[in-house]
Each structure stands twice: as structure tokens, then as C-alpha cells.
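Student: Right, I'll just put the structure down here and ask away after.
Bear in mind that the values in this text are calculations on the coordinates, not laboratory data. Just so it is clear, the structure is predicted and the values come from calculations on it, not from any experiment.
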Amino acid sequence: MTRDRAVLVAAAIAAAGIITAPGCVTEEVSRTPGRFLIPEDTEGGRTFSPVDLGARFTWRRLGEVDYDDFSIPLISPDGDRMVIRGGAPPTWDAVLADPDARPPSAATFRIVAIGDDDLRIEHEIVGPWLLGRAADATGFLIEEPRPDGSRRIGRVDWETGEATWLVDEGFVDAFGTLGPDGTLAWSRRAIDGPAFDLMVRRGDGAGTWRLPARWERSWIDPVIAPDGRTIFMLRRGDGTVELAWSRLTDETRFRDGVSTHPISVRVDARRTRTMLAPQVGVASPAAEHARIVFLHPDLGRLVEWSPRTDLVRPYPDRTISAVHLDADRAVVSTPDGLALAVLADGRGRPPSVLPLTEEPAIPRRSGRPDEPILLFRPVAGRYEVLLARFLDPDDETESLTADRDR
């Protein structure tokens, strides 16, 4: 039996109600088809008992939207809207802001309202832009390579669909991101410059700060932690990449207090770019202390790192992206499907994994307390969009009652 046929058969068997994988997960397949697997530790070879990991995972389909076979959607903080880029995918030269990058073809940006049971396109904006790396309550970031070699950073308003240019000063301004207080961080170089400086424009009006490049090593891909006080960034050299961090408490601390950690001495620009690309918009999940999630180029797996502990905690092997439920547990995507992961504790315990579905999808925070996870499943140039929730066994009775009432 083929894999696709097996999924369809499992869905048909369960069409009358709820399927249960022993002791772990259930789903109301009258709303969405799916197949659940018996939990197992794919790294250690042992079978989990229900006390190891147990949960109820449900999802429902909202609809499909075309995308460019490259960009990951950005979601508004309240979960009411998202933006998806359609059209031809951008070239790598444009993505990397290389000196010979040409302006991309015009693309369609669809602002989509996320309803309780459907998706509704509110605006379609056409422009020669790349989808940015962050969104806030006002709008989402875009970047436009210009014919003269410069590049500017703008924000498109969720409500009106109008673009406002935040950084447009004749430099190559790229890789912008937003902090919780409106702080904007990005990379900047002269059109003919060899490397990117790091720029920070404070949301509280405290001015614009600059961290200059040295030895032709570029500061790229800044990430502002949810605490608003911590900034992470990568420093890319000739075949090398370092992870760096600093504080945003004042300009002197930001500029002179940077700490760097070597990551790889055998990485090219594309592989460096993919370190944070799977986690765009959520690279620094909320926690008691600031942390960053990235794809380690030498380990070949997703890891978490925090300056507080200075420990690299790996996710299960082959994890592509993750959305955290708490400090240690996350819903993760692998080439084989979605899973619940419990991170390594840094004291010898390996990461644990509980497979949930056979269908891969990109998980993101939805901004909704009742269904906190959005799933984007790529299907032939479209994203199938689903809302999901994940409940512990203690919530089972409440969950079943709520599902019967829906």
C-alpha cells in the first residue's frame, strides 16, 4: 500500500468519529483527515508509555492560498491576519542582498483575514518586493532592491494595504526585523561596500545605533528577543559564521558588549541564510530568559541557545521548524510529519519525540489562546492552512466536551 493510500484509508476508517493512537493522541477526523502513529523514540529505539508523553492534538482546515514556493507567511500578533507572497520566487542574489542582485519581478502580496472557519483575502498588493522577516500590530515588513543597487525597507499596513518606507537612504538596507516596542534592527552597507553594519533604530525615540563591520565580516539577520532587551545576530565572514548577542539597554552596552560564539568555519552564504530562515518571525520564542532557535550548519539540526545557560539544546534529529508550547516542549516539523518534542535538558537527557501526524507542515503561533498553532502545509504551489490545538492529558475531559459542543 502506498503512503498516500494508507493515509486515505486511515481517514476513511475514522470518518465516523475519533481515532486514538494508544495513550497519546486523538483527532476528530470528521473535520480534517489524518493518520496518527504509535509514539516511539526514533533516536533511542524504545517505545514510549502513556506517562512519557501524552496529549490530544486536533486541527481543522481553513482553506488554501497560493504562494511563491519559497516564502513563509507572516502572521499579525493577534492572529487575525497573515500575508502570503505569490508569484515567482525571489533569486538567491536578491535574498542575500548581493552586490549583483537585480530587482525581483513584481509579486502579489495577499493580506488574508483568518476567520474562525475560513480564509478571506482582504487586499492584494503588487510590487517588486521581498517579504520581510517580521510583522507587528501595524503591518508586515517588505524589502525592495532598487535598480541603482540600493535597497530599502518598508512596512505594509494590515488595514489599508499601503506601504510606508521606514529605511530609504540610498544604502543597501536588508534583513530587517521588529522588536516588541517598535524597535527596528537591520543590516546596512554602502552600495559598493564589502560588508554590512548592524543598525538599530529604537522604538522609544532614543535614536539610531550602529555596530560597524570589521575585517569585512557582515552583521546579518538580527533577531530581537521578546524581552525587548536582548538582540541576537549572525556575523558572516569568508566561509565562517558566528552567533552574537548584545543588550539593547543603552547604546554603549549594545556597541561594546557584544559576545560572539563560533558556529562554523565551512559554511557559504546560502547555508548561513538558512540558519534562521525556517524560524522567520519566531526565531526567539518567549521564555523566562532570552533564547534563539536556529539551524546549526555543522550539526545539521535545529538547536536552541541562551546566553543565560550557554548551552546548545538540540531538537530531535531532522527537525525543520518548531513552535514552543512552553520552555521545553514544542510542536516540530520534520520531513515525516509533525511531532511533539521535549528538548534535551543539557545534563545528558536526549531530546524526546512523539510523532503526531504523517503530513509535514510548518507550525507557527496563531495568536489565539484556544487554537494557538497555525499549520502551513505546502501542496503544489499552495499553502493549505489549518488551525490546531494541543492539550495535555489532564485537559482531556474538558477537550472532549468542548468538541462535542462545537
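Student: Please work out the ratio of the alpha-carbon Rg of segment 288-390 to 2.2 N^0.38 Å and round it to two decimals. All intermediate terms of the calculation are to be shown ahead of the outcome.
Tutor: Numbers: Rg = 13.8 Å, N = 103, 2.2 N^0.38 = 12.8 Å.
Rg over 2.2 N^0.38 Å, computed on Cα atoms: 1.08.
Student: Give the share of C-alpha pairs in each 5 angstrom bin for segment 239-292, from 0 to the last occupied bin, in whole percents, shortest bins first.
Tutor: 4, 16, 17, 23, 23, 13, 4
Student: Using only the Cα atoms of segment 70-137, construct the convex hull and provide its projected area averaged over every direction, in square nanometres to one decimal. Don't skip to the end; give the middle numbers.
Tutor: Working: hull surface 19.6 nm².
The number I arrive at for segment 70-137 is 4.9 nm².
Student: Which whole number in µm²/s is D for segment 193-241 by Stokes-Einstein, with the Kirkwood Rh taken over Cα pairs at 25 °C and 0.890 mPa s?
Tutor: Working: Rh = 11.8 Å.
Using the Kirkwood radius from Cα pairs, D works out to 208 µm²/s.
Student: Continuing with this model, one more query. Take the Cα pairs of segment 334-389, get the Kirkwood Rh, then feed it into Stokes-Einstein at 4 °C and 1.567 mPa s and tell me D in µm²/s. Present the calculation step by step, with values, prior to reporting the outcome.
Tutor: Details: Rh = 12.7 Å.
My calculation gives 102 µm²/s for D.
Student: Over the Cα atoms of segment 141-192, how large are the radius of gyration and the largest Cα-Cα distance (Dmax), in Å?
Tutor: Computed over the Cα atoms of segment 141-192, radius of gyration and Dmax are 11.4, 37 Å.
Student: Report Rg (one decimal) and Dmax (nearest whole number) for segment 177-271, counting Cα atoms only, units Å.
Tutor: 13.0, 40
Student: For segment 185-330, state what percent of all Cα-Cα pairs lands in each successive 5 Å bin, counting from 0 Å until the bin that includes the largest distance.
Tutor: For segment 185-330, the binned pair fractions read 2, 10, 20, 23, 21, 15, 8, 3, 1, 0 percent.
Student: Using only Cα atoms, figure out Rg for segment 91-173 and give it as a multiple of 2.2 N^0.38 Å.
Tutor: Details: Rg = 13.8 Å, N = 83, 2.2 N^0.38 = 11.8 Å.
Scaled against compact globular proteins, the figure is 1.17.
Student: Continuing with the same structure: So if the hydrodynamic radius of segment 59-102 is defined as the Kirkwood radius over C-alpha pairs, what does Stokes-Einstein give as its diffusion coefficient at 4 °C and 1.567 mPa s, in µm² per second? Write out the running numbers ahead of the final one.
Tutor: Working: Rh = 12.6 Å.
Estimated via Stokes-Einstein, D reaches 103 µm²/s.
Student: For q values of 0.09, 0.12, 0.13 Å⁻¹, compute log₁₀ I(q)/I(0) with the Debye formula on a Cα-only model of segment 99-234, without solvent.
Tutor: Debye intensities relative to I(0), on a log10 scale: -0.29, -0.50, -0.58.
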